[in-house]
Amino acid sequence: MTAYEDLAGAGDGTRAVRAGLPEAVKYEPTLPGPVFAAHFHLPGSVEGPYAYGRDSNPTWAHLERAISELEAPGEDVETLVFASGMAAISAVLLSQVRASDVVVLPDDGYQVLPLVREQLQDYGVEVRTAPTGGDAQLGVLEGARLLWIESPSNPGLDVCDIRRLVDAAHAQGTLVAVDNTLATPLGQRPLELGADFSVASGTKMLTGHGDVLLGYVTCKDPELAAKVRRWRKVVGAIAGPMEAWLAHRSLATLQMRADRQTAGALALAEALSKREEVRDLRYPGLPTDPSYPLASQQMVRFGCVVSFELPDREWAERFLARLRLVDDATSFGGLRSTAERRRRWGGDAVAEGFIRFSVGAEDPDDLIADVLRALDEAQDAQ
Ligand SMILES: *Cc1c(COP(=O)(O)O)cnc(C)c1O
């Protein structure tokens, strides 16, 4: 029953289970159910929080407050939820940049970013790209209106020094947005590292059950937030109340899921590191990983995604087909482990045998035994 302001200094688990809960009211539920409403009673003046369902909804309001509390504990920030991660990403980019502005994107980020790039170019925006690793985006930053960071990058798991990039960007008046999907707010807090926007797909680990599409934008500056809000109204890419409620319900277990899945990912990465046929193993939480020195400075949990290469396409396909506890499916962050041969989509610049593996909440021993058996069988069937 403690007001949320008092929880800013509490542990992640405490904050996760109480995030965004309204004040206790006798006979009311702890987390009020989804409000299904296209319009609200509105006699007389149109002032007030709820008028029309495209602009606001009480179920969003609870979830938005919850995400704000996790992204920026104790800070006065604004969160806006969207129908998907892409709706949130588009809302930031397309509400903040204009024709002839320069935008810097990563060239190894989420696979839809090349389409975003084309869209921006169609609108007369100049787009520059550089890899995430080695802070290479610094080299193309000059005169940019907005820098888009994805750290760790999906699917290559490179990490950049967010604060260093933010400092360089802000020194020349460039806005910075960070895609926080892979880390989640319990893994990394971009606003504390100085970013103007933390943007994420809630479809992945944030909600974690593989049954909801959702996105959000969190930012500090009310003027920037107002532009994103206007964009949401104009485009109408809003979250359904049911999705918003499911997401809020799922947030209560975020710390448990993140701890469990992160520990499982580290254990899997350690097991894979001993296999000869496994190459280019990446996990930012593995102390031998090139991302580890930076990741361990700016992240507190390293996520549940492990990536690696098997010798060729057929080998990778045999491995995936022989897994029993792991679904061959895209996306990541769910309670049930998934893995896929990423090249099948054609988008990412990865090898034919590249596997993106998302560790779920299975017992790590069971999961690792399944993976090692599948690797053995894939090798024997060569
Ligand atoms: C999945 C993903 C997105 C897009 O989110 P959707 O909810 O699928 O629209 C954006 N960024 C990253 C890093 C992602 O993994």
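The values are calculated or read from the model by the stated rules, or taken from the named source; none is laboratory data. Please read all numbers here as calculations on a predicted model, not as lab measurements. With ideal geometry, Cβ positions are generated from the backbone for all residues, glycine too; neighbour counts draw on all protein chains shown. Just so you know, the surface numbers come from the protein's heavy atoms only, side chains and all, with ligands and any DNA or RNA stripped out. Shrake-Rupley method; radii C 1.70, N 1.55, O 1.52, S 1.80 Å.
Before moving on, here are some points about what is shown:
- In the set 247, 258, 321, 339, only one residue is surrounded by 20 or more Cβ atoms within 10 Å (Cβ to Cβ), of a type in the set (A, V, I, L, M, F, W, C), in a helix (DSSP H, G or I) and not assigned by TED's automatic domain parsing to the domain that holds residue 30; that residue is 258.
Let's see how each residue does on (1) in contact with a strand residue (DSSP E or B) (Cβ under 7 Å, 6 or more places away or on another chain); (2) touching a residue at least 40 places away in the same chain (Cβ under 8 Å); (3) within 30 Å of residue 178 (Cβ to Cβ):
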position: 23; (1), (2), (3): no, no, no
position: 28; (1), (2), (3): no, no, no
position: 42; (1), (2), (3): no, no, no
position: 62; (1), (2), (3): no, yes, yes
position: 65; (1), (2), (3): no, yes, yes
position: 68; (1), (2), (3): yes, yes, yes
position: 89; (1), (2), (3): yes, yes, yes
position: 99; (1), (2), (3): no, no, yes
position: 105; (1), (2), (3): yes, yes, yes
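- Hits in the range 213-234 (condition: of a type in the set (A, V, I, L, M) and either open to solvent by less than 80 Å² (accessible area, probe 1.4 Å) or away from the ligand (no atom under 14 Å from the Cβ) (or both)): 214, 217, 224, 225, 226, 228, 234
- Just one of the listed residues (240, 202) is modelled with pLDDT of 95 or more and surrounded by fewer than 22 Cβ atoms within 10 Å (Cβ to Cβ), namely 240.
- Looking only at residues of the range 268-294 that are touching a Ser or Thr at 6+ places or on another chain (Cβ under 6 Å) and assigned to a strand (DSSP E or B), we find that the one that is farthest from residue 158 (Cα to Cα) is 281.
- Filter result (over 18 Å from the mean Cα position of the chain (by Cα) and part of a loop (DSSP other than H, G, I, E, B)) within the range 200-236: 220, 221, 236
- For residue 171, the conditions (1) open to solvent by 10 Å² or more (accessible area, probe 1.4 Å); (2) touching a residue at least 24 places away in the same chain (Cβ under 8 Å); (3) of a type in the set (A, V, I, L, M) are fulfilled apart from (2).
- Hits in the range 345-382 - residues which are touching a strand residue (DSSP E or B) at 6+ places or on another chain (Cβ under 9 Å), open to solvent by 10 Å² or more (accessible area, probe 1.4 Å) and among the hydrophobic types (A, V, I, L, M, F, W, C): 350, 351, 354
- Restricting 87, 66, 61, 16 to residues that are of a type in the set (A, V, I, L, M) and either more than 29 Å from residue 150 (Cα to Cα) or open to solvent by 20 Å² or more (accessible area, probe 1.4 Å) (or both) narrows the list to 61.
- Condition met for residue 350 (closer than 20 Å to residue 204 by Cα and within 24 Å of the chain's Cα centre (by Cα)): no
- Any hit, the range 183-199, residues being in a loop (DSSP other than H, G, I, E, B), farther than 25 Å from residue 290 by Cα and away from the ligand (no atom under 11 Å from the Cβ): yes
- Complete set of residues in the range 309-318 that are in contact (Cβ under 8 Å) with a residue 40 or more places away in the chain and surrounded by fewer than 23 Cβ atoms within 10 Å (Cβ to Cβ): 309, 311, 312, 313, 315, 318
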